[in-house]
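Q: Here's a structure for you.
The values are calculated or read from the model by the stated rules, or taken from the named source; none is laboratory data. Remember, it's a predicted structure, so these values are computed and weren't measured experimentally. Cβ atoms come from the backbone with ideal geometry, glycine included; neighbour counts cover every protein chain shown. To get the accessible areas, we keep the full protein, side chains included, count just its heavy atoms, and leave off ligands, DNA and RNA. Shrake-Rupley method; radii C 1.70, N 1.55, O 1.52, S 1.80 Å.
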Amino acid sequence: MTITKKHLIESLSKICSTRKNAENILESLLENIKSTLATGEDVLISGFGKFCVKDKKQRRGRNPSTGDDLVLGARKIITFKCSTSLRDKTNEMMSD
């Protein structure tokens, strides 16, 4: 199952006073995560995992349609590492 923003808002609205309030909370949370990652800082959500900003070095590549060699520039990527409790819970559910 894919969880969308709509699913998250519906779930939040069950404990918030209104759907609009739930939407504002989710948007604020996501915007906070995005702006923190954009500054190069990691985001740790206890019991869930850690979003890390990593640097990728410049490297050689090739254009798949023409076969020409080219240089791919340095860039930043975001990785996710799940917490041990999330990993354990997932493995526990998979073994059932």
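Q: Any idea how far apart Ala38 and Thr79 come out in nm if each label point goes 7 Å out from Cα toward Cβ?
A: Each label point lies 7 Å from its Cα, and together they span 2.4 nm.
Q: The chain: longest stretch without exposed trypsin sites (Lys or Arg not before Pro) (DSSP loop, at most 14 other Cβ within 10 Å), sites themselves excluded? Don't skip to the end; give the middle numbers.
A: Working: sites that count: Lys14, Lys57.
No qualifying site falls inside 15-56, the longest such stretch.
Q: Using modelled amide H (1.01 Å from N, peptide plane; none on Pro or chain starts), what sits under 5 Å from the amide H of Phe48, excluding residues fewer than 5 places away?
A: Ser83
Q: On a 0 to 90° scale, report how tilted helix 84-95 is relative to the longest principal axis of the chain, with both axes built from alpha carbons and the result rounded to the nearest 10.
A: 80 degrees
Q: Just the accessible area for Ser17, please: 1.4 Å probe, Å², rounded to the nearest 10?
A: 100 Å²
Q: Further question: What is the sum of charges, Lys and Arg at +1 and Asp and Glu at -1, for the other residues whose Cβ falls under 14 Å from the Cβ of Asp42?
A: In short, +3.
Q: Still on this structure: Can you tell me the 0 to 90 degree angle between the C-alpha axis of helix 19-38 and the longest principal axis of the chain, rounded to 10?
A: In the chain, helix 19-38 runs at an angle near 30 degrees to the longest axis.
Q: Over the chain, average the accessible area per residue using a 1.4 Å probe and give it in Å², no decimals. Intermediate values should be presented prior to the final figure.
A: Values: 7970 Å² over 96 residues.
On a per-residue basis, the chain sits at 83 Å².
Q: On the accessible surface of the chain, probed at 1.4 Å, how many percent belong to carbon and sulfur atoms?
A: That fraction is 54 percent.
Q: Fully extended, how many nm does the chain gain between Lys5 and Leu72 (0.36 nm per residue separation, minus their Cα-Cα distance)?
A: 20.8 nm
Q: Where does the charge balance sit around Val71 when Lys and Arg score +1, Asp and Glu -1, over other residues with C-beta under 15 Å from its C-beta?
A: Working: positive: Lys56, Lys57, Arg59, Arg60, Arg62, Arg75; negative: Asp68, Asp69.
Neighbour charge sum, excluding Val71 itself: +4.
Q: Also, quick follow-up: Would you mind counting up the charge near Leu30? Only other residues with Cβ under 14 Å from its Cβ, with Lys and Arg at +1 and Asp and Glu at -1.
A: 0
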